[in-house]
Amino acid sequence: MTPFVGCIGDATLNGVIINFANTTERPHALLGKCKLGDSSSAPSLFGPEPNIPPPPLLPTESPDDIVEVSTQISIVEVDIDKITDEEEPPLEGRGHHQEDDITTTETTASTQRTTPYHVGQCRLPYYPATDPAMENAWRFGTAINSRLEYRSLNGRYKDDYDFQIDVKTMADDGIIFYTSDLSNQNLIAVYIKDGKVHYKFDCGSGPALLTSEKKINDNEWHIVIFKRQQNYGQLIVDEDEAVTGYSQGTTETMNVSPPFYVGGVLRDMSNKVLNMIGMNHTFNGCLGNFMVNGQPVGEPANKVGVISCSNRVEPGLFFYPGNGSNLFRAVDRFTVGKTIDIQMDIKPRSTSGHLLSVHGKRDYLVLEIINGTVKFLVKTAKGSIETSFEPTNPNSLCDGNWHNIRAVKQKNAVLLSVDHKAAMPGIGGKNVVGVMSRHPIFIGGHPSLGAKLRGSTSQAQYVGCISNIHINMRPIHLGPERANGQVIVGVCPTI
């Protein structure tokens with residue numbers, strides 16, 4: 001049988017979207033994007049397609065879209081896996097699929113454009129620029145289970161070794177390096193716990209645990225050296241005096257098995273790692289200049305959920321260009337009633353995009369940017385209410401600065417402000433009814449964007465940074481486990 005050659009996307013089976021990132025066997029298959037033309041160019045999930053045409057301006061929205069009424073919010077955190085079809089009817093869009101099939105994908109770092117491309121007169125490039133000042137360093141913790149995997153280390157390690165790595169973090173806990181054998185008797189682990197570097201090794205007859213007294217979670221670069229000669233180990237942080245110790249027993253040869261993990265481990269290993277070293281947190285920060293026995297380790301066999309390290313970043317969620325599948329699932333189930341207060345700060349890189357939405361079986365709430373105009377729409381069984389903020393310059397929001405957005409629903413009125421300047425309120429009828437919804441709240445994108453998502457005029461992926469998200473005065477936690485697709489959690493590039 002001749003194998004298929006080409007590109008496959010948006011595949012569904014029995015109405016359920018297939019997440020290719022969850023597959024365990026994919027020989028000769030490339031995830032993230034399809035090649036165009038030159039077969040020598042390697043694919044990258046965050047990387048742009050070459051020669052992408054500028055996104056077209058959206059049509060002017062029609063004035064007769066909307067007319068009347070209501071909403072209220074109560075946020076209830078619910079385990080995604082426990083939401084059933086009966087509790088949560090399918091959304092309209094690309095087929096009817098269950099919301100609990102929106103899973104976090106493991107994303108890989110990419111090569112950026114050499115020539116920045118700008119949408120209209122937006123100040124920041126559509127795709128972030130590369131920071132040339134930072135080489136051989138990767139940022140971890142921006143995606144779930146982010147890590148580097150090495151199949152070999154290009155150097156000896158059975159009888160002795162000398163590892164060195166540069167570390168920069170503000171986190172209290174995180175894995176720096178981890179490897180073991182199949183029986184978990186042989187172990188090399190370096191990690192941060194309570195801000196201090198811990199080095200644990202075991203040749204099979206009992207462990208040694210060396211701990212530096214110096215805290216290094218100060219967002220500054222530190223050099224961590226961990227050595228072993230037979231059953232004698234040393235841990236050196238910067239130029240401090242070495243912490244030394246012997247592993248237990250008489251065994252002096254290390255028999256660990258690849259892969260060697262840097263920054264984190266496979267999700268399936270989390271419980272095992274927790275039992276071995278008392279923590280299993282993915283490293284949050286930057287690691288670089290990884291060396292063994294005085295030589296660079298070289299390129300890892302696999303990069304998962306890491307991006308190039310840069311000092312030119314700021315806190316937030318960063319959404320790459322896409323078809324709407326780059327999204328952040330802020331709340332598992334969103335019950336909307338008569339009162340809503342949504343606040344966020346945005347720094348977009350295009351003039352149109354999906355900011356936030358929640359959809360019920362018939363009712364919905366949508367907050368979006370359309371050709372530089374911010375629109376807030378609420379639809380219930382009694383009708384719709386909307387309001388819009390139209391700046392004097394359509395590129396005002398993508399000027400490279402932060403802008404505050406606040407959208408409020410109070411009884412039969414919707415209120416909207418941009419940078420604390422109010423738009424004309426939208427007023428509905430007096431027969432107020434709540435928005436019937438038990439669906440998730442999506443930020444930045446939506447699974448049905450681009451396929452006639454109800455209430456959306458832009459049908460566009462948000463591109464840029466979002467931070468300080470509050471729903472009813474409650475901050476939304478920005479955890480990588482809630483991101484889907486090409487989304488950086490925790491930091492946004494500023495270039």
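The values are calculated or read from the model by the stated rules, or taken from the named source; none is laboratory data. Remember, predicted model here, so these are calculated numbers, not experimental data. Ligands, DNA and RNA are stripped out before the accessible areas are found, and what is left, the full protein with its side chains, is counted by its heavy atoms. Shrake-Rupley method; radii C 1.70, N 1.55, O 1.52, S 1.80 Å.
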Got a number for carbon plus sulfur as a percent of region 137-308's accessible area, 1.4 Å probe?
43
If you count only protein heavy atoms and use a 1.4 Å probe, how large is the accessible surface of ILE8, to the nearest 10 Å²?
110
How would LYS409, LYS361 rank on accessible area, largest to smallest, probe 1.4 Å?
LYS361, LYS409
Would you give the gap between the C-alpha center of region 181-202 and the C-alpha center of region 262-308, rounded to a whole Å?
12
Tell me, what is the percent relative contact order of region 134-224, built from C-alpha pairs under 8 Å that lie six or more residues apart?
25
Equivalent ellipsoid, region 314-493 (semi-axes from 5 times Cα gyration tensor eigenvalues, Å)
23, 18, 15
Stokes-Einstein, Kirkwood over Cα pairs, region 137-308, 4 °C, 1.567 mPa s; D in µm²/s equals 83
Tell me the carbon and sulfur percent of the accessible area for region 314-493, rounded to whole percent, probe radius 1.4 Å.
52
Tell me which lysines have Cα within less than 18 Å of LYS361's Cα, excluding those fewer than 8 residues away on the same chain?
LYS338, LYS379, LYS382, LYS452
Counting only C-alpha contacts under 8 Å and six or more residues apart, can you give the relative contact order of region 314-493 as a whole percent?
41
Can you tell me what the convex hull of the Cα atoms of region 244-298 projects to on average, as an area in nm²?
5.9
Largest first and to the nearest Å, give the Cα extent of region 274-360 along each principal axis.
64, 39, 23
What relative contact order, as a whole-number percentage, does region 137-308 give when Cα pairs under 8 Å and 6 or more residues apart are counted?
40
Of LYS430, LYS227, ordered by accessible area with the largest first and a 1.4 Å probe, the sequence is LYS430, LYS227
